[in-house]
Each structure stands twice: as C-alpha cells, then as structure tokens.
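Trainee: One structure, pasted below without further comment.
The values are calculated or read from the model by the stated rules, or taken from the named source; none is laboratory data. Values in this document were obtained by computation on a predicted structure and should not be read as measured data. So basically every Cβ, Gly included, is an ideal-geometry build from the backbone, and we count neighbours across all protein chains shown. Just so you know, the surface numbers come from the protein's heavy atoms only, side chains and all, with ligands and any DNA or RNA stripped out. Shrake-Rupley method; radii C 1.70, N 1.55, O 1.52, S 1.80 Å.
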Amino acid sequence: MKITDHIKQSKNTLFSFEILPPLKGEGITTLFESIEPLMEFKPPFIDVTYHREEFVYKKRENGLLEKISTRKRPGTVGICAAIMNRYEVDAVPHIICGGFSREETENALIDLDFLGIDNVLLLRGDAIKSEGNFVPDPNGHNYATDLIEQVVKMNKGMYIDDEMQHATPSDFCIGVAGYPEKHFEAPNLKTDLKYLKHKADMGAEYIVTQMFFDNKKYFEFVQKCKEAGINIPIIPGLKPITSRKQISILPSIFHIDIPDDLAEAIEDCKDDKQAREVGIKWAIQQSKELVEFGVPCLHYYSMSKSHAVKKIAEALF
Ligand SMILES: Cc1cc2nc3c(=O)[nH]c(=O)nc-3n(C[C@H](O)[C@H](O)[C@H](O)COP(=O)(O)OP(=O)(O)OC[C@H]3O[C@@H](n4cnc5c(N)ncnc54)[C@H](O)[C@@H]3O)c2cc1C
C-alpha cells in the first residue's frame, strides 16, 4: 500500500523506522533480530537504505596500491523482498542517483514493481566517501528531481526506450528527503526549499526529514514549506543518541546541530549506557511533542539496532 494511503487511513500518528542492509558477508539473521522486537508496534512500512560503492586501496605484492571499487552494504532490493515476505509490512527501498546509469535505475524499478513494492524514496545520494563532491554516473542523474522525472514517466508507461509500445505503467508512490536545518550544499534554506518545492511539483508525494534534535527546527520548517506552497505530508525523522561520541559524529556526517542542553547532558555521562538513557529520554520527549503537533508518522533512524527505538515506541505507541 502507498505511504500516502497509510497516512490517509490512520487517525493516529504512525510508527516506522529505517534499517541498513548488513555489511557484505554478514547474512540477514541479525537484521531480522533487530526488526522483530519492533514489529509489535505495527509499523506500516520500513525503509531500507541504499549504499553506493566506495573506493578502497589494497597493497599488492609489488608494493603498489590498487584502487578497488566495493559496495560494503549491498542487498537493498533483496532485503525489501525478504521483509515483505516475512512480515505484513511495506518495505520502502531508497533509490539513489549516485553510481547508477538511467538504465540500471529503470531495471531496478522493474524489479521493484514485479516484487509488488509500492513506494520508493528517491535521493541523490552522497559523494563517494573518498571524493569531496557528488559526481553522477556518466549516464545517470544529477539530482533527486531527475530520478522523480524518470519514475513519474514510468508511472505513465514511458520507459527509456521511447519506441516501446503499450508498456505497462508502474504505480510507485514517491517520497523524497527534506532538511529542517537545510541541505549542507544549499546556500540557504530558501534556496533549498525552492528545490524541495520543485520535487513536490514534479511528483513527490511525501517528505521524510533528516534527523533533528530540536523540534522548533521541524515546526519552522513545516511552516516555511507551507509558505513555499509545499503541501505534501512531512514525516519527521528522529535518531536517538546511543553513545557519547555521537554528539560529535552526527553533526559531522549529517550536518545537523545538537542543542546545548542535550550536548551538555551527554557530555556529563560517565559511559555510553548513561548516554543511551539520556538519548532515549530526549527522543521520547521530542516524539511526544511531535505527536501533539499532529505529525502523520514518527520515523526512526534505527541504524539496525532495536533497543533504543523499542524503548521509545513503548512510551509512545
Ligand atoms: C530521509 C533520508 C534518507 C536518506 N537515505 C539515503 C540512502 O539510503 N542512501 C544514501 O546514499 N543517502 C541517503 N540520504 C542522504 C542523501 O542522499 C544526501 O543528503 C544527499 O546529499 C542529498 O540527497 P537529496 O535527495 O536530498 O538531494 P537533492 O534533492 O538532489 O538535493 C541536493 C542538493 O542540490 C540542490 N538541488 C536539488 N535539486 C536541484 C536542481 N534541480 N538544481 C540545482 N540544485 C538542486 C539542493 O538544494 C541540495 O543542496 C538520505 C537522506 C535523508 C534525509
């Protein structure tokens, strides 16, 4: 079922979460073990991230370094199928521009359509870790908007080969990313919102936000989206802090701020166990306030670990 229909049909705030595919070679059992404890809270959908290739350098016998391209977390499409097969839940694969040609994207979408997957979260993706800037595949897309265009066309039965007659249309519901603290490359929030509006105008039906730790940022973002004419559901993404070092790692990776009170409380913690308790308490507080505000769904970045998200869900759902 489409995310937009889940939202329309529910009178209450929905609960959902995001998982990462396991590292190559790890198998799927641990992933199932991280999903299982959260199923009692009846998530209507689970997101599965997509991870592009990375470059690693291996030293050869002759002493020279060889640059090797490797995907450390493959399996997004397979995991979506496995989740849908095992649980009564919609799996939402993330689809990224980086590392994909248009044709590879089309083929992936065909697989997803055959599997009965109704939703896709369309993203540009980040730069390869060892490279500073995002570089698209020579035959791929530059921005999430280009991906939206491709999926919208497929939803009308228009594939890359425009000579194809009577092609079966897909019917994907399209989600996109939004950034309450602005995307780090955007010169300012106004410009970022201009492109977010563009994504909605082109066919995006819902937004999932980057994590934030100060609800005020989300409330202001929703208000500014409204003023900019963006009228699709905006699902807040929340990440409970689970270790002391995350108060410096999360801002550097995700370009977000940690509020003073939270940063100080985590700094005062003796160990990660204490930090996790503070992080969970903060996320519960944030979640309760967001429910009161009337958000359509609370979406948690579980990082494939269930403990913290389960504690929060127990307090909320
Ligand atoms: C909910 C969520 C889930 C995510 N999941 C993944 C994942 O699974 N895998 C992964 O690799 N990454 C993931 N990311 C990270 C995301 O890929 C990065 O933040 C990436 O840098 C931007 O992606 P985007 O889709 O927001 O990009 P875009 O919407 O394409 O925007 C990128 C930048 O370009 C600007 N821009 C947008 N459109 C245009 C245009 N037409 N012309 C000029 N400028 C434009 C924007 O303002 C922004 O600064 C996720 C992020 C979020 C919030």
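Trainee: Working only within region 45-69, note down all residues that are part of a strand (DSSP E or B), within 16 Å of the ligand (Cβ to nearest atom) and open to solvent by 40 Å² or more (accessible area, probe 1.4 Å).
Mentor: Correct list: F55, S69.
Trainee: Could you tell me whether any residue of region 82-93 is closer than 25 Å to Y206 by Cβ, assigned to a loop (DSSP other than H, G, I, E, B), away from the ligand (no atom under 15 Å from the Cβ) and of a type in the set (A, V, I, L, M, F, W, C)?
Mentor: Scanning region 82-93 turns up at least one residue that is closer than 25 Å to Y206 by Cβ, assigned to a loop (DSSP other than H, G, I, E, B), away from the ligand (no atom under 15 Å from the Cβ) and of a type in the set (A, V, I, L, M, F, W, C).
Trainee: A further question follows. Just one of (1) touching a residue at least 40 places away in the same chain (Cβ under 8 Å); (2) in contact with a Ser or Thr (Cβ under 6 Å, 6 or more places away or on another chain); (3) open to solvent by 30 Å² or more (accessible area, probe 1.4 Å) trips up H299, so point out which.
Mentor: Status for H299: all satisfied but (3).
Trainee: Of everything in region 105-122, what is more than 15 Å from the ligand (Cβ to nearest atom) and assigned to a helix (DSSP H, G or I)? Give them in sequence order.
Mentor: Residues satisfying the conditions are E106, N107, L109, I110, D111, D113, F114.
Trainee: Another question, then. Note down all Cβ pairs under 6 Å where the first residue falls in region 272-292 and is within 14 Å of F213 (Cβ to Cβ), the second is open to solvent by 70 Å² or more (accessible area, probe 1.4 Å) and outside any helix (DSSP H, G or I), and they're at least six residues apart or on different chains.
Mentor: That search, which allows pairs on different chains as well, returns A275/R244.
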